[in-house]
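Chemist: Quick one: structure below, then a few questions.
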Amino acid sequence: MWWNGRIYEAVAARLARRRVCDLYHSALEVRVPEGRFVIESAPIRAADGPERGVVAEGAVGSRWAGLLPIFRYELRFWRDGVILDLAEAVYSPRHLTDEVETGRRLLALASAVPTPVWGRDQLRAGEMWNSNSVIAWLVASSGLDAGKINPPRGGRAPGWEAGLVVAQRG
């Protein structure tokens, strides 16, 4: 549903009196001696099968809407996983580290990611929580400098700062 992001960004840009930017979605691929793992958050799609390694779920929009499966997201942590929109990636993959222990920390943190309502600022981080927040939180919590990771020029990754703020709180 690429048009959701375009509508959101058009409204956000108008309200902020700035130009419209390209929006980016974050996911991680972690390679350690134990294997290759993908960590991402995405809408729940039961047809994807149980191998997608769901470690957490959360509501989208509001807690009450989250009672319906269509308004839920899941955090996936899966061996040999697939990032469905990887072919559309503009500025990736971004290599973050070769440190095995940092990769293992990222993997260990996957099931501890906060799962507030997607698209809201329940954690009072100054920005909505979404897939970018999840990845920023993981990267920062693992000890990597997530503040140095930026989207391509002319783009935005809404929610990234929320992940950094919440990670900094410990």
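Chemist: Of ALA167, ALA65, ALA136, which is farthest towards the positive pole of the chain's charge dipole, taken about the Cα centre with +1 and -1 on the beta-carbons of Lys, Arg and Asp, Glu respectively?
Modeler: In the chain, that residue is ALA65.
Chemist: Once the cut-off is 16 Å, how many percent of the Cα-Cα pairs in segment 1-102 end up in the long-distance tail?
Modeler: 68 percent
Chemist: Beyond 30 Å, what share of the Cα-Cα pairs of the chain remains, rounded to the nearest whole percent?
Modeler: Working: 1851 of 14365 pairs.
Across the chain, Cα pairs with separations above 30 Å total 13 percent.
Chemist: Now for a separate question. I'd like the Kirkwood hydrodynamic radius of segment 10-66, using the inverse of the mean 1/r over distinct C-alpha pairs, in Å.
Modeler: 15.0 Å
Chemist: Can you pull the one-decimal nm distance between simple spin-label points at ARG79 and ALA12, each 7 Å off the Cα toward Cβ?
Modeler: 3.6 nm
Chemist: Using helices alone, what [θ] at 222 nm do you get for the chain, with -39,500 (n - 2.57) per DSSP H run of 4 or more residues, divided over all residues and rounded to the nearest 500?
Modeler: On the way: 4 runs with 46 residues, N = 170.
Helix-only estimate at 222 nm: -8500 deg cm²/dmol.
Chemist: Further question on the same structure: Return, for the Cα atoms of segment 62-120, the radius of gyration and Dmax in Å, separated by a comma.
Modeler: Considering segment 62-120 through its Cα atoms, Rg and Dmax are 15.1, 42 Å.
Quick note: the coordinates plus some simple rules give every number you see, no bench work behind them. Just so you know, these numbers come straight off a predicted model, no measurement behind them. Cβ atoms come from the backbone with ideal geometry, glycine included; neighbour counts cover every protein chain shown.
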